[in-house]
Protein chains: 2
Amino acid sequence: MGEPTYPQTAANKINRYKHQATYNVDTIHTIVNSTPVLHVSFVPDPAVPAPIVLPMIGQMGLFPGDESRGEDDWKCYLHGYVSSRLMNLADAAIKRGEEGLHLCVAATKVDGFVLTLTPNSHNYNYRSAVLQGFGTIVEDVEEKIWAMELITNSVIPDRYANTRVPPDAAEMHSTRILKLKITSASGKVREGVPEDERKDMKREDVLDSVWTGVLPVYEKMGEPQPGPYNRVTKIPEHVTKFVKEQNEAREKYAFEAAHKPAPVKRVKRSD
Amino acid sequence: MGEPTYPQTAANKINRYKHQATYNVDTIHTIVNSTPVLHVSFVPDPAVPAPIVLPMIGQMGLFPGDESRGEDDWKCYLHGYVSSRLMNLADAAIKRGEEGLHLCVAATKVDGFVLTLTPNSHNYNYRSAVLQGFGTIVEDVEEKIWAMELITNSVIPDRYANTRVPPDAAEMHSTRILKLKITSASGKVREGVPEDERKDMKREDVLDSVWTGVLPVYEKMGEPQPGPYNRVTKIPEHVTKFVKEQNEAREKYAFEAAHKPAPVKRVKRSD
C-alpha cells in the first residue's frame with residue numbers, strides 16, 4: 001500500500017508534463033498549508049460562464065466533530081472577504097440540491113527562475129496545487145471557532161493563544177468561514193537544474209555565450225517591526241522562532257531545488 | 001484631470017474596505033507586472049458553473065500592431081499551459097459571438113503579516129489586482145514573437161536578447177499565448193502599522209500582554225546558481241543587476257509598508 005492519493009479523474013488529470021504531476025494527499029495539503037494566499041474562484045452568475053477570483057487565507061483541516069461522525073476527508077477552510085453575494089450563492093446551490101457552491105482553490109509557490117539557452121526552455125522551480133469541490137459557509141459555532149484558530153495559527157503557529165481570545169459575539173457574527181469539500185485535487189512540482197533541448201545542447205556558439213542556471217527564489221521575513229501601541233518590549237518566542245525556522249527552511253528549499261537533477265525529459269504535447 | 005482609471009461597474013466594485021480599493025490603471029498594471037505567477041480562471045464547461053484556476057506567467061502590453069489600428073487599451077498577455085481544451089473553448093466562445101473566453105486573472109503580493117491584539121484584527125500588508133475580460137489565442141506571428149519577448153523579459157529584463165533567439169518553427173508552433181482584453185479591473189492595497197478596535201485598545205491587560213507589530217515579507221532571490229552545462233563563468237550583468245535591484249527594492253517596500261500609518265478606520269460590512 002502506498003501513500004494516500006486523490007483519485008485521477010477527467011477533472012484533475014494532468015496531461016502536460018505528466019512526470020511533474022502529483023496526486024499525493026500529503027504533498028497537496030502541504031502546498032496549500034504553506035501558501036500565504038490562496039486564489040479562490042467561483043462563478044457569480046450561473047447563467048454566465050464568467051468566473052471571478054478572490055485572494056483568501058486558508059488551511060487544510062479535519063474538524064473533530066466531522067471526524068466523530070465518521071468523515072475522514074480533510075476540508076480546506078478559507079477566510080477572506082466572504083460577501084453576502086457569495087453566501088447567497090452557496091445557499092442557492094444547496095437549494096438546487098448541490099452540495100454547495102462550485103469552488104476552485106489554487107496555491108502556487110515559486111522556488112526559482114530556471115534560465116536556459118532559449119526562452120522556450122525557461123521555466124520556474126515551483127510547487128502548485130489545485131483543489132475543486134463544493135463550498136459551504138460554516139454555521140456551527142464550535143466548528144467556526146475551531147476554524148478561526150486553525151487559520152490564525154496557519155499564518156503564525158501559536159498566535160491564537162497569544163492574543164485576546166475568545167472572539168466576542170460581534171466578531172463571531174462578522175467573521176465568515178468558507179469550507180471546501182474536495183471532489184478533485186492535483187499538484188505539480190518542478191525542481192532541478194536547467195534542461196535544454198538536444199538541438200541547442202549541440203550548439204557550441206550558444207553554449208559559449210548564454211549563461212544557464214537557477215536564481216533561487218523564496219519568501220523571506222524581515223526583522224519583526226513593533227507597532228505604535230505595542231508595549232511588549234521582548235518579541236515573543238512564537239514570533240521569533242517562526243521567523244528563524246521559516247527563513248532557514250525556505251532558503252534551504254530554494255537552494256536545494258536549484259541543484260537537483262532536472263526532471264526526466266518532458267513529453268511532447270499530446271493533448 | 002486625474003490619472004487614468006478603470007471604470008467602476010457592478011462587476012468590479014469593491015464593497016469591503018473601500019478605502020483600500022483602487023481603480024488606477026498604473027497601480028493595477030504594476031501589481032500584475034511584478035507578480036511572478038498569475039492565477040487564471042475560466043469555466044471549462046459552460047453548462048456547469050464550476051471554474052478552474054491555472055497558474056500562468058503574464059504581463060501587460062500594448063502591441064504596436066494594435067496601437068497602429070487605434071486601440072489604446074493594454075492587454076494582459078499570458079503564457080502557461082494553454083491546452084487544446086482551452087483553445088477549443090476560446091474558439092467556441094468566438095463562434096457563439098462572444099469576444100473570447102471569459103477569463104479572470106488575479107495577482108497578489110504579500111508584503112507583511114500584521115499582528116494585532118485579536119485574531120479578528122490580524123491582517124496582511126498586500127497588493128492585489130483582479131482583471132476580468134475575454135481571452136483569445138494569439139495567432140498573428142508578429143504579435144506572438146513580440147509577446148514571447150515581453151513575457152520572457154517580464155521574468156528577467158533583457159533576458160530574451162541574451163538567449164538563443166528567434167524561436168524556430170517548432171517553438172512557434174508549440175508556444176501558445178493567451179491575450180486578455182480587459183472589460184473590468186480593480187485592485188486593493190493594504191499597507192501600514194497594526195490597527196485594533198477601540199474596545200481592545202482600552203484593555204490594559206491586553207495591551208500589556210500581546211505583542212503587536214508587522215513581520216515584513218518579501219520575495220528574495222539568492223545568489224545565482226550556475227547549471228551543470230553552463231560555460232559562461234561570469235554571471236552576466238542582466239542577471240546580477242536584476243537580482244541586486246529587485247532584492248533591494250522589495251525589502252525596502254516591505255519595511256516601509258510596515259511603518260506607514262494604518263489605513264483610515266475600516267467601514268462596517270454593509271453588503
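The values are calculated or read from the model by the stated rules, or taken from the named source; none is laboratory data. The structure presented is a predicted model; accordingly, all values stated were derived computationally and were not measured. For neighbour counting, all protein chains shown are included, and Cβ atoms are generated from backbone atoms with ideal geometry for every residue, glycine included. Note: areas computed on protein heavy atoms with side chains; ligands, DNA, RNA excluded. Shrake-Rupley method; radii C 1.70, N 1.55, O 1.52, S 1.80 Å.
Tabulated data
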| quantity | calculated |
| --- | --- |
| Within the stretch A:52-78, tally of residues that are open to solvent by 20 Å² or more (accessible area, probe 1.4 Å) and hydrophobic (A, V, I, L, M, F, W, C) | 4 |
| Yes/no for B:HIS29 being farther than 22 Å from A:PRO44 by Cβ and in contact (Cβ under 8 Å) with a residue 24 or more places away in the chain | yes |
| Residues of the stretch B:93-102 classified as within 25 Å of A:LYS13 (Cα to Cα) and either without any contact (Cβ under 8 Å) to a residue 24 or more places away in the chain or at the interface with another protein chain (Cβ under 8 Å from one of its Cβ atoms) (or both), total | 1 |
| Residues of the stretch A:102-158 that turn out to be in a helix (DSSP H, G or I) and not aliphatic (A, V, I, L, M), as a count | 11 |
| Any hit, the stretch A:226-246, residues being more than 10 Å from chain B (Cβ to nearest Cβ) and either farther than 30 Å from B:ASP208 by Cα or in contact with a Phe, Trp or Tyr (Cβ under 8 Å, 6 or more places away or on another chain) (or both) | no |
| All positions within the stretch B:114-130 that are over 11 Å from B:LYS188 (Cβ atoms), open to solvent by 10 Å² or more (accessible area, probe 1.4 Å) and facing chain A (nearest Cβ under 7 Å) | B:PRO119, B:ASN120, B:HIS122 |
| Selection within the stretch B:131-152 - open to solvent by 30 Å² or more (accessible area, probe 1.4 Å), touching a strand residue (DSSP E or B) at 6+ places or on another chain (Cβ under 9 Å) and more than 10 Å from chain A (Cβ to nearest Cβ) | B:THR136, B:TRP146, B:LEU150 |
| Some residue of the stretch B:97-120 being closer than 30 Å to B:ASP205 by Cα and modelled with pLDDT under 95 | yes |
| Close pairs (6 angstrom Cβ cut-off, 6 or more residues apart or separate chains): more than 9 Å from chain B (Cβ to nearest Cβ) in the stretch A:158-184, part of a helix (DSSP H, G or I) and charged (D, E, K, R) anywhere | A:ILE177/A:LYS144 |
| Positions within the stretch B:159-212 being touching an Asp or Glu at 6+ places or on another chain (Cβ under 7 Å) and not aromatic (Phe, Trp, Tyr), in sequence order | B:ARG164, B:LYS181, B:ILE182, B:GLU191, B:VAL206 |
